[in-house]
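The values are calculated or read from the model by the stated rules, or taken from the named source; none is laboratory data. This structure is a prediction, so every number in the text was calculated from the model and none was measured. For neighbour counting, all protein chains shown are included, and Cβ atoms are generated from backbone atoms with ideal geometry for every residue, glycine included.
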Amino acid sequence: MSHKTLSGPQAPEANLDQPLYTPIKRRSFFMYAGATAGATALVLAGCKDDNNNMPGMVNVGTGDVGVLNYAYALEQLEADFYTQVRMGSYYTSSATAAEKQILDDLYYHEVIHRDFFKAAITAAGATPIKPLTTVYPAGTFSSKSSVLATAKAFEDLGVAAYNGAGQYITTPQYLYIAGKIVSIEARHAAIIRDLVKEGDFVGSDIVDIAGNSLEMSKAPSVVVATANTFLADGSKLNVSGLG
């Protein structure tokens, strides 16, 4: 199937998502940053940089910059989690080859997503939020049950976060890319949920099966209430500028 790019004022990509197509071992997001700067600068120029105005918390900002920084923060958290998973005793000692392959795939996807958002924000002349410091309960990475339970929480949260934040994106190109990324996050959530309990990839806790059969969504304030429990003091998120 050929890949078609629409022309005109509603062209969805404007090359913004090009880094997502490049294998992680060969990609350079800073190379793409220069190529996309012209397009993204038109979108983000003039947006207020409001990342550090509350002591003890990281303010993601407002407008499209705020949404991108919000997504960047969540991708930082997920990328860090899978990095820690691959160094933990469950992965190194007892995970099966199939489980390792799944966790490796998720790790690479989340690292790509994290670096993509940082490059996109930087290319636009805006300031990405700082690298965040994570905290996890003791034993998180030592057993299959604890790893998968935490992965399930993160992946379900990530899908609900993208679903809930889409309404705040004002630029069609970014909404288009967010739609691509959330589809991948949903695949992550499905495979993790199936590993936890076979056949539970679409549970009633995430899809309104009895109603409209749509995926659940969560407002940024609800999402960060959970995300902040995995972030150290000084890295907790303030999303008051969104919504």
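Quickly run through the range 87-96 and pick out the residues that are out of contact with any Ser or Thr (no Cβ under 8 Å at 6 or more places or on another chain) and surrounded by 14 or more Cβ atoms within 10 Å (Cβ to Cβ). Answer for the range 87-96, where residues must be out of contact with any Ser or Thr (no Cβ under 8 Å at 6 or more places or on another chain) and surrounded by 14 or more Cβ atoms within 10 Å (Cβ to Cβ): Tyr91, Ala95. Scanning the range 132-165 for residues that are buried (at least 18 other Cβ atoms within 10 Å of the Cβ) and among the aromatic types (Phe, Trp, Tyr), which turns out nearest to Val182 (Cα to Cα)? Out of the qualifying residues, it is Tyr162. On the given criteria, is Ala189 among the small types (Gly, Ala, Ser), modelled with pLDDT of 85 or more and within 18 Å of Ala79 (Cα to Cα)? For Ala189, the condition - among the small types (Gly, Ala, Ser), modelled with pLDDT of 85 or more and within 18 Å of Ala79 (Cα to Cα) - is met.
So Tyr72 passes all but one of these: (1) hydroxyl-bearing (Ser, Thr, Tyr); (2) within 12 Å of the chain's Cα centre (by Cα); (3) at pLDDT below 95. Which condition number does it fail? That leaves (3) as the condition not met. For Tyr168, the conditions (1) buried (at least 20 other Cβ atoms within 10 Å of the Cβ); (2) hydroxyl-bearing (Ser, Thr, Tyr); (3) modelled with pLDDT of 90 or more are fulfilled apart from (1). Reported count of residues in the range 108-137, each being part of a loop (DSSP other than H, G, I, E, B) and modelled with pLDDT under 95, is 4.
Here Thr92 clears all of (1) at pLDDT 95 or above; (2) closer than 23 Å to Tyr162 by Cβ; (3) not small (Gly, Ala, Ser) except the condition numbered (2). Quick one: in the range 63-107, which of the residues that are in a helix (DSSP H, G or I) and of a type in the set (Val, Ile, Thr) is farthest from Thr171 (Cα to Cα)? In this case the residue turns out to be Thr92. Return yes when Glu99 is among the charged types (D, E, K, R) and surrounded by 17 or more Cβ atoms within 10 Å (Cβ to Cβ) and no when it is not. It is false that Glu99 is among the charged types (D, E, K, R) and surrounded by 17 or more Cβ atoms within 10 Å (Cβ to Cβ).
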